[in-house]
Each structure stands twice: as structure tokens, then as C-alpha cells.
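A.B. asks: Can you read through this structure? Questions will come right after.
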């Protein structure tokens with residue numbers, strides 16, 4: 001009996017997934033639970049497991065295919081079993097009126113199916129849909145300005161306009177190949193840029209801005225260009241925190257199986273101090289300020305080229321041991337791309353630690369809709385005056401970036417000051 | 001059809017003029033209701049008519065709306081053209097059996113051998129502090145009864161022309177007169193004229209958004225449209241005038257032009273006629289031109305409160321229409 005391998009729905013709001021790669025080859029034997037393929041969601045790449053034992057067959061998804069959830073992308077067959085020659089389930093096809101598409105063994109079938117069905121799933125107003133059809137524009141390429149990304153007539157017209165601009169540039173290019181590279185008029189739509197000439201250099205690779213990278217690009221440009229950031233920093237003597245960590249290493253390892261990290265201690269300190277500084281755990285939405293009761297602590301983590309921010313929910317209720325467990329679980333799964341999107345969204349405050357890369361201090365861009373972010377640098381042995389002489393103390397630099405619409409300098413200074421005294425006398429954290 | 005005229009009279013006077021002119025030209029037409037004679041009607045519509053036409057043709061009745069409706073139905077069945085009046089639309093509840101099970105059905109059940117040419121005049125709507133039992137807008141009940149036509153004029157001109165058309169129609173026609181409109185003045189030609197029942201009227205032309213409104217919501221929508229002009233929003237106001245039969249074409253054409261439609265009525269939203277209008281638009285070819293979801297602005301699902309502030313809050317006012325129309329015009333732009 002053939003088992004279907006489908007594009008999974010890993011998030012409530014997920015409607016399509018972008019296929020990244022197969023971890024097994026067509027015809028290869030797989031066991032249930034083996035890592036089988038990787039998909040890209042809005043948040044991050046996720047590794048999926050094989051649903052059954054058998055032979056991977058009928059593979060029809062490939063890199064960058066945008067595939068509706070529950071769409072069959074391969075089968076797991078018993079040895080000697082033939083591929084089921086079935087068409088797309090009816091309920092998927094009825095989503096869109098356009099031509100009935102059947103999966104056949106023709107080249108690139110998955111892509112064709114994804115496009116046709118995708119058309120039916122795009123949020124679009126009737127007039128925009130009709131206009132796009134008349135102009136032969138693929139709605140999947142347009143991002144809508146309406147609620148929940150709904151595409152309006154204005155979006156189609158804007159797309160057509162920008163598209164016409166690009167085409168005219170391309171035409172110029174083709175007409176005069178010997179002339180130096182023209183400046184690319186970047187379309188007004190997603191990335192408003194002045195007309196900046198591209199360098200006349202050989203291209204190694206062109207990567208479409210998509211998936212997690214695209215989301216990061218959008219969020220960060222929004223944050224950097226609309227939120228009035230200001231940053232404050234101070235140094236913290238980590239002598240006592242180091243001592244605390246050394247004392248707790250063994251007992252906590254016995255308890256949790258994990259080694260206590262400085263990130264965990266920092267997370268605990270932030271979660272302890274933050275409730276007394278509500279404006280740093282806040283969001284600005286629809287003209288109101290929301291002060292969050294819960295501290296959902298985002299821990300900025302790098303996975304391959306992408307930044308992801310796994311979230312420790314209700315960090316204010318977790319003791320150090322629980323934080324250690326949560327943190328190691330989240331970061332492990334982040335690196336193995338097994339986090340679900342809901343574990344990567346909804347943070348109310350973010351900690352970004354680049355100390356392990358030798359960075360001494362840096363300023364971070366606020367992760368919207370949060371109101372502040374804490375950037376943590378490397379521990380540096382620094383001479384500190386003691387009595388008549390000085391001694392070397394392990395110091396870290398903490399830099400908070402905050403949204404000046406929500407909180408002022410003094411508020412952030414008080415938070416940092418309390419965080420500093422907490423870390424310098426960390427025994428209250430246990 | 002439309003005669004140029006400088007003469008302005010009120011909506012109430014226009015209703016009376018239509019009645020008087022039809023009674024003068026057709027001896028089968030008569031008025032029947034509570035206090036329509038000596039008292040001149042609950043709102044004064046029939047003042048002076050008893051003197052001109054006498055008690056045979058301007059008939060006062062006991063307080064029994066069932067009897068009024070039954071007598072009118074019987075008279076219509078026998079070839080007369082009665083115009084019955086209830087003091088408040090709310091009291092149509094008492095007449096409903098006669099209207100729904102007798103008047104609306106007979107022509108069909110007897111294979112067209114008879115007709116019921118009668119008009120049911122019903123003062124409707126809130127805004128007079130008359131509380132929950134004297135303020136309702138019950139049009140949705142009656143549009144759901146095949147065999148009855150429903151008309152809801154919004155201007156003196158329309159009131160006269162539509163009432164004459166209703167009297168001359170060979171079917172029961174429910175004629176809704178909004179109490180707040182009685183005192184509204186407007187140009188009305190002196191000579192008799194009729195407006196076809198299935199003819200919506202574009203009360204104001206505009207590019208950006210269509211408001212479909214009837215009865216009291218028409219002047220409110222027009223006032224809202226004027227306010228929005230200052231913001232650069234160009235509103236078209238379409239008045240269906242008769243809800244049944246409905247001139248779908250005029251509405252569909254307008255919505256196809258603007259791509260955005262707000263439907264406004266005073267009656268409660270749930271099960272209201274706005275739902276019918278919205279469904280009609282969605283099923284029509286205007287669907288292909290819609291650029292925002294169809295939106296309804298209607299009365300709240302509560303009995304009309306006596307308290308004036310709450311009464312006002314229970315039904316859409318000019319500022320509500322302004323806000324809803326503005327949001328609709330800006331969405332996705």
C-alpha cells in the first residue's frame with residue numbers, strides 16, 4: 001500500500017510551502033522517521049520525516065516549487081509496488097476554477113499544479129483577479145496591500161507598471177548589448193530604492209529573495225526605517241555570574257542533562273528584571289500601547305545564513321533549570337530545522353548574543369513588534385580600579401536598542417542598571 | 001416623466017396629493033383606516049379629505065388592523081382599489097394573516113381569475129421617540145412574501161409618483177412612509193404622474209463608491225456623500241425606491257462602475273433586506289468588478305430603545321455612513 005508524502009501544514013496559517021531539497025533519492029530505501037525532505041516556510045527551513053518504511057518513489061517536488069499544503073509530493077512504496085496513477089484529489093482542484101490540471105509523469109508536474117492551485121488560494125478581490133487575467137499576470141507574483149495580503153486592483157496595476165519598467169530596461173539591454181550596464185530602475189512595489197547602478201561585475205550566483213530571507217528583509221527594513229531607535233550601553237562585571245555558573249554546572253547538569261550557558265543566566269536575569277520595566281516589554285499597535293504581562297523571550301540564533309529567533313514562552317515563570325532545558329531544546333531543534341513556526345514567532349523581547357564570535361559590543365535592530373532588544377557582547381578581561389590598584393575583571397557590554405515612541409532614555413537606563421546589579425549579584429536568580 | 005417644477009411641498013403633502021388626485025379620477029379608490037377621517041390620520045396625511053370625499057370613501061374604522069386589512073382585501077377582490085392605512089407599521093403584525101395568507105395569495109391560488117389591487121400605507125421607522133412598538137421597519141418580512149410588492153420612497157417627488165403607481169397596480173403594494181421624512185420638502189409637480197415600481201434612482205453620481213440606500217437612509221447617505229466630497233471621496237447614491245420588484249440593473253451598473261458598495265438600511269442587520277441586496281450584487285456580473293468586500297450598515301439587532309440617545313445609536317446616522325463609506329473607499333488603495 002503506497003503511503004503519500006505530502007506538503008505538510010506546519011502552521012495554522014500556512015497555505016503553501018516552498019520545497020528546498022530531498023534528503024533521500026528516488027528509489028532509495030527509507031525508514032519511518034528518517035529525515036526525508038526540507039521545506040522553507042515564512043519563518044525558516046524545516047526538515048520533515050518519512051511517514052513510512054519503504055522505497056521513495058514518484059518524487060515530484062524540486063527546489064523552489066511553491067506547493068499547496070497536503071499536496072502529494074512523493075510516495076513511499078513497498079518493494080515491487082507500482083506507483084498509483086491517480087489524479088489530484090477533487091477537493092484541491094475545486095479551489096480554483098481555471099483549467100483542470102492532472103498530475104501526470106510529464107516534466108515538472110508539481111510546479112504546474114502548484115501554480116494553478118495557488119492561483120485559487122491567493123487572497124484577491126474579484127476585479128483584481130479579472131484584471132490580472134486580462135493582463136496575463138500571475139497573481140502569485142503580486143503582494144497585496146489589503147488586509148491579510150489581499151490583492152486589490154491597485155496592486156495589479158502597480159505590478160503591471162513596475163513590470164513594464166523592468167521589461168523596457170531589459171529591452172534596452174538586448175538592443176544595445178555592448179553598452180555598459182544600465183541602472184536598474186527598481187520597481188516601486190516591495191523595495192523602494194533610488195535608481196542605483198549595479199556594478200559591472202561577473203555574477204557568481206543570483207538568489208531570489210524568498211522565504212525566511214525575504215521576511216527578514218521586510219521586517220528589518222520596516223523596523224530600521226520606521227522605528228526611532230536609540231541605544232544605550234553599559235558594562236557588567238561578570239565575576240559573580242561566572243562563579244554562580246561554576247557552582248551550578250554540576251547540579252544543574254545532573255538535573256537537566258545540560259550545561260548552564262551564560263545565555264541562560266542572561267535570559268533568567270532579563271526575565272526577572274523586565275516585569276518591573278513594562279515599557280520594554282511592549283508593542284505599539286493600532287494607536288495603542290500594549291504592555292505585555294508575559295515575557296516571551298526571543299533568543300536570536302543563527303542557522304546557516306538565516307537569523308531565527310526561537311521563543312521561550314512565559315520566561316518570567318521559568319527557573320534557571322527550566323530555562324536551560326528550554327533553551328537547549330529550542331536551539332538544538334533550530335539547528336536541525338525542526339522548530340515549528342509557532343516556536344519562532346510571538347516574542348515580546350529579544351536577546352541577541354554574539355559574544356561567542358568575539359564581538360565585544362554591537363547595536364541590534366529591534367525585532368518588531370517588540371519595543372526593545374538586548375545585544376550582548378563577549379566577556380573581556382578589563383582592568384578595573386580597586387582601592388589603590390586595579391584588577392582584571394571579566395566584563396561584558398550590554399547594549400539595549402529601544403523604540404523611542406514607547407520608552408525614553410531614562411527608562412532604558414533604569415532597566416540596564418537593574419540588569420547590571422542583578423548580574424553582578426546573581427544569587428537572587430536561583 | 002419628470003416635469004420641471006418650482007413648487008415645493010412636503011413628503012406628507014405629496015402623499016396626500018397622490019391620494020386626492022387618484023380618488024378624484026377613479027371612484028373605486030378609497031381610504032380606510034383608524035382615525036383617517038375626522039382626525040385626519042395619525043400624522044395628518046388625510047387632513048381635509050373627509051370634507052372632500054365623505055365618510056364612504058374616507059372610512060374610519062374600529063381599532064382592528066385585521067379588520068382593516070380584511071375589509072380592504074375583500075373590497076379589492078370585488079373590484080375596488082382600497083388604500084388602507086395603519087397608524088404605525090408595527091401594527092401590521094395584526095393584519096399579517098389577511099395580507100400574507102389572503103391578499104398575497106388569491107390571484108395565484110385562483111389561477112388569475114381575481115386580482116387584489118390594494119395599497120397598504122404604513123408609517124415606518126424610528127427617530128420620533130416612539131419606542132420599540134412604534135418604530136420598526138418591517139420591510140424584510142414582506143419582501144419574503146410572493147404576491148406583495150414593497151415600496152419605500154425617500155423624497156416627496158418619489159412619494160407622489162410611487163403612490164400613484166401603487167394605487168394603479170393590480171397587486172397588494174406595501175407603501176412605507178418614513179415618519180421622519182413626512183416634513184421633508186422637495187419639488188413636486190402639481191399634475192398626477194406615476195413612477196414605475198421597478199425603477200431605482202441614482203440620487204447622486206460618483207466614482208469611488210456606491211451607497212445603496214432607501215427610505216430615511218437616502219437623505220443621510222446624501223449628506224454623508226457631501227461630507228466625503230471634502231475628503232476627495234466621490235460617492236454615488238442609488239435609491240432602489242421599490243424593494244420588490246427590485247431594479248437590479250441600476251444597482252449592478254453602479255457597483256460595476258465603482259467596484260465598492262455600502263448597503264445602508266434602518267432595519268436590523270440580521271435577516272435585513274441588505275443581505276438580499278448584498279447577495280444580489282455578489283451573484284451579478286458586478287462581482288467581477290468588486291474591489292472590496294460588500295459591506296452592510298444596518299440597525300443594531302435590538303428593539304428600538306425609548307431613550308433618545310440610545311434610539312439614535314440603534315440605527316445608522318450620517319456620521320456612521322461617513323465612517324463606513326470612508327473606510328470602504330480607502331481599503332486597498
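A.B. asks: What are the semi-axes of the equivalent ellipsoid for region A:213-269, taken as the square roots of 5 times the Cα gyration tensor eigenvalues, largest first, in whole Å?
C.D. replies: 36, 18, 6
A.B. asks: With equal scatterers on the alpha carbons only and no solvent term, can you work out the Debye log10 of I(q)/I(0) for region B:98-229 at 0.09, 0.12, 0.15 1/Å?
C.D. replies: -0.31, -0.55, -0.82
A.B. asks: Calculate the FRET efficiency for residue A:253 and residue A:333 from the Cβ-Cβ distance with a Förster distance of 30 Å, rounded to the nearest 0.05.
C.D. replies: Between residue A:253 and residue A:333 the formula returns 0.90.
A.B. asks: Now for a different question. With the calculation restricted to Cα positions, what are the radius of gyration and Dmax of region B:138-216 in angstrom?
C.D. replies: Rg then Dmax for region B:138-216, in Å: 13.4, 39.
A.B. asks: What is the diffusion coefficient of region A:1-64 in µm²/s, taking the Kirkwood radius over Cα pairs and the Stokes-Einstein relation at 37 °C with a viscosity of 0.692 mPa s?
C.D. replies: D, rounded to a whole number, is 269 µm²/s.
A.B. asks: Provide Rg and Dmax in Å for region A:217-429, with only Cα atoms included in the calculation.
C.D. replies: Just the Cα atoms of region A:217-429 yield Rg and Dmax of 16.9, 56 Å.
A.B. asks: Mind giving me the nanometre distance, one decimal, between the label points for residue A:388 and residue A:160, set 7 Å out from Cα along Cα→Cβ?
C.D. replies: Spacing of the two 7 Å Cα→Cβ label points: 8.6 nm.
A.B. asks: At a Förster distance of 30 Å, what's the computed FRET efficiency of residue A:285 paired with residue A:230, Cβ-Cβ distance as r, to 0.05?
C.D. replies: Taking R0 as 30 Å, the efficiency between residue A:285 and residue A:230 is 0.90.
A.B. asks: If you don't mind, another one. Can you put B:39, B:289 in order, fewest other beta carbons within 10 Å first?
C.D. replies: Final ranking by Cβ density, sparse to dense: B:39, B:289.
A.B. asks: Kirkwood hydrodynamic radius, computed over distinct alpha-carbon pairs, for the protein assembly as shown: how many Å, to one decimal?
C.D. replies: Evaluated over the protein assembly as shown, this radius sits at 32.5 Å.
A.B. asks: Separate question: For B:17, B:249, what ranking results if the residue with the fewest other Cβ atoms within 10 Å of its Cβ goes first?
C.D. replies: B:249, B:17
A.B. asks: Report the Stokes-Einstein translational diffusion coefficient (µm² s⁻¹, integer) for region B:170-230, Rh taken as the Kirkwood radius over Cα pairs, at 4 °C with viscosity 1.567 mPa s.
C.D. replies: 91 µm²/s
A.B. asks: Quick check: convex hull of the Cα atoms in region B:195-333, volume per residue, rounded to a whole Å³?
C.D. replies: Here the figure is 105 Å³ per residue.
A.B. asks: Using the per-residue mean of other Cβ atoms lying within 10 Å as a proxy for protection, in what order, highest first, do the peptides A:217-229, A:201-213 fall?
C.D. replies: Highest to lowest by the protection proxy: A:217-229, A:201-213.
A.B. asks: Going 7 Å from the Cα of residue A:342 along its beta-carbon direction, which residues of region A:43-62 have the amide nitrogen within less than 19 Å of the resulting point?
C.D. replies: A:43-49
A.B. asks: How long are the semi-axes of the ellipsoid equivalent to region B:13-114, from square roots of 5 times the Cα gyration tensor eigenvalues, in whole Å, largest first?
C.D. replies: Semi-axes, largest first: 23, 17, 11 Å.
A.B. asks: Considering the zone a paramagnetic label at residue A:148 would reach in this model (a point 7 Å from Cα along the Cα-to-Cβ line), which residues of region A:14-39 have amide N under 18 Å from it?
C.D. replies: Label zone hits: A:14-17.
A.B. asks: Could you line up A:317, B:114 from fewest to most neighbouring Cβ atoms inside 10 Å?
C.D. replies: Lowest count first: A:317, B:114.
A.B. asks: Something else now. For peptide B:291-297, what's the mean number of Cβ atoms from other chains within 10 Å of each residue's Cβ?
C.D. replies: Counting Cβ atoms of other protein chains within 10 Å of each residue's Cβ and averaging gives 4.
A.B. asks: Same structure, new question: Can you compute the modelled spin-label distance between residue B:257 and residue A:220, with each label point 7 Å from Cα toward Cβ, in nm?
C.D. replies: The answer from the label model is 5.1 nm.
A.B. asks: Next question. Residues of region B:104-141 with amide nitrogen under 20 Å from the 7 Å Cα-to-Cβ point of residue B:306?
C.D. replies: Zone members listed by number: B:125-137.
A.B. asks: Measure of size requested: the Rg and Dmax of region B:8-187, with Cα atoms as the atom set and Å as the unit; please supply both.
C.D. replies: In order Rg, Dmax, the Cα atoms of region B:8-187 give 14.9, 45 Å.
A.B. asks: Helix B:318-330: angle to the longest alpha-carbon principal axis of chain B, degrees 0 to 90, nearest 10?
C.D. replies: 40 degrees
A.B. asks: A further question on this structure: What percentages, rounded to whole numbers, describe P(r) for region A:304-399 computed over all alpha carbon pairs with 5 Å bin width beginning at zero?
C.D. replies: The percentages, shortest bin first, are 3, 11, 15, 19, 21, 13, 7, 5, 3, 2, 0, 0.
A.B. asks: Return the distance in nm (one decimal) between the two label points of a simple spin-label model at residue A:276 and residue B:110, each offset 7 Å from Cα along Cα→Cβ.
C.D. replies: About 9.1 nm separates the two model spin labels.
A.B. asks: Just the number, please: Stokes-Einstein D of chain B in µm²/s, Kirkwood Rh from C-alpha pairs, 10 °C, 1.306 mPa s.
C.D. replies: The calculation lands on 79 µm²/s.
A.B. asks: Moving on. Which value, to two decimals, describes the C-alpha radius of gyration of region B:268-333 once divided by 2.2 N^0.38 Å?
C.D. replies: Taking N as the residue count of region B:268-333, the ratio is 1.32.
A.B. asks: So what's the back-of-envelope 222 nm ellipticity for the protein assembly as shown, counting only DSSP H runs of four-plus at -39500 (n - 2.57) apiece and dividing by all residues, rounded to 500?
C.D. replies: -10000 deg cm²/dmol
Values in this text are rule-based calculations from the coordinates and carry no lab data. Keep in mind the model is a prediction, meaning the values are calculated, not measured. Cβ atoms come from the backbone with ideal geometry, glycine included; neighbour counts cover every protein chain shown.
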